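Data block below; observations after.
Throughout, read-outs are computed from the coordinates displayed, never taken from laboratory work. In this text, all values refer to a predicted model and were calculated from it rather than measured experimentally. Cβ sites come from the backbone with ideal geometry, for glycine too, and all protein chains shown count toward neighbours.
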Amino acid sequence: MALKPVVPEYKAVETAWGKLINQKDAYKFGVRHIAAFSANLFQLMRIIEPDWEKRTAAISETAYGFNMAACAGDDPDDPYIRAYYDEWNIPEFCEKSAWLGAIWGDSGDEYEDMAGRVIQFTRNRVEKELDTCPWDIVGSEMCNMTTGMFTANFDLTAVGQQNEVCLNMCEARGCGDRHCRVVAERRDVTGLEKQDWLHHREQPQFPVHNTPRKSAPSKKVRSFVTASTPTHSAKKSPSTGPTTGSWPWDGSGPSSSRWSPWATCVTTMTSSRDS
């Protein structure tokens, strides 16, 4: 019997040593490799500018500017915006306001291998919850920079009306949380003031939806980090130095997430996952 009808064919990537890696794993490795490279770049930025606030504000503003430079920003017939509407089949009668920018953010998460779910997608409020983030090893600056990029997405789709929303990453895996959670709320509904670059980690006005964790199979092997690792807290800690707002560190301690090389990981055998 011929081999082809028996063995299914899948796309694969060949390494320099002739090993075949399936496309899904290759994409996952590739994104994580870029994240590791980015972590090195951010370490360099910490040397150039030791102050967390100055460094993070500059990084976020630059990311916002790059996204905004993609088009004119105040012309509804701009080719970039028109292509965006065509790509996502957005009808002409749909209100062209900030909430459409959430589509950009959601698709970007998919491209970056960040698995999660859209909790709410309405004109006045958008909420998304992520379970995975390959970039959580980079550090809190990357989380804050992401809010600058997302703000540009909302501003681009709100033709000529910037700052229509307050955008908050109220949970971030790069800061030790279990999820990444981004919430955008219209300012004319909530009455909130315009945010600056260091105030995108606040809690939203309306309650969030926290997806419950499912029960794990019995005898599941899992790892956790001991209490010696800095956690997502606004309290001061001798091991990390003074924190800024709700960030777990300001650059004086470990600069990645709680899954950092400084953490002590302990593997345990449990009969079931904690509820």
Worksheet item: Where does each of 207-214, 123-130 land if you order them by average Cβ count within 10 Å, highest first?
Response: 123-130, 207-214
Worksheet item: All other residues with a Cβ under 11 Å from the Cβ of ALA12 taken together, and with Lys, Arg as +1 and Asp, Glu as -1, what is their net charge?
Response: 0
Discussion item. Could you give each residue of the range 15-20 its phi-based ³J(HN,Hα) in whole Hz, using Karplus coefficients 6.51, -1.76, 1.60 with θ = phi - 60°, and x for Gly or Pro?
Written reply: 7, 5, 9, x, 7, 9
Worksheet item: What list of ³J(HN,Hα) values in whole Hz, one per residue of the range 100-115 in order, does the Karplus curve 6.51 cos²θ - 1.76 cosθ + 1.60 (θ = phi - 60°) give from phi, with Gly and Pro shown as x?
Response: 5, x, 5, 5, 4, x, 5, 5, x, 4, 5, 5, 9, 6, 10, 7
Worksheet item: Taking the Cα-to-Cβ direction at ARG213 and at SER38 and moving 7 Å from each Cα, how far apart do the two end points lie in nm?
Response: 2.5 nm
Worksheet item: What is the local net charge at VAL118, summed over the other residues whose Cβ is closer than 9 Å to its Cβ (Lys, Arg +1; Asp, Glu -1)?
Response: -1
Worksheet item: Separation between the GLU95 and ASP51 pseudo-spin-labels, each 7 Å from Cα along Cα→Cβ, expressed in nm?
Response: 4.1 nm
Worksheet item: Can you list the HN-Hα couplings for the range 59-64, worked out from phi with the Karplus curve (6.51, -1.76, 1.60; θ = phi - 60°), rounded to whole Hz and with x for Gly and Pro?
Response: 5, 5, 5, 5, 4, 4
Response to the item:
Summing +1 per Lys or Arg and -1 per Asp or Glu among the other residues with Cβ less than 11 Å from ALA57's Cβ gives -4
Practice prompt. Take the Cβ-Cβ distance between THR132 and GLN205 as r, set R0 to 25 Å, and report the resulting FRET efficiency rounded to the nearest 0.05.
Written response: 0.40
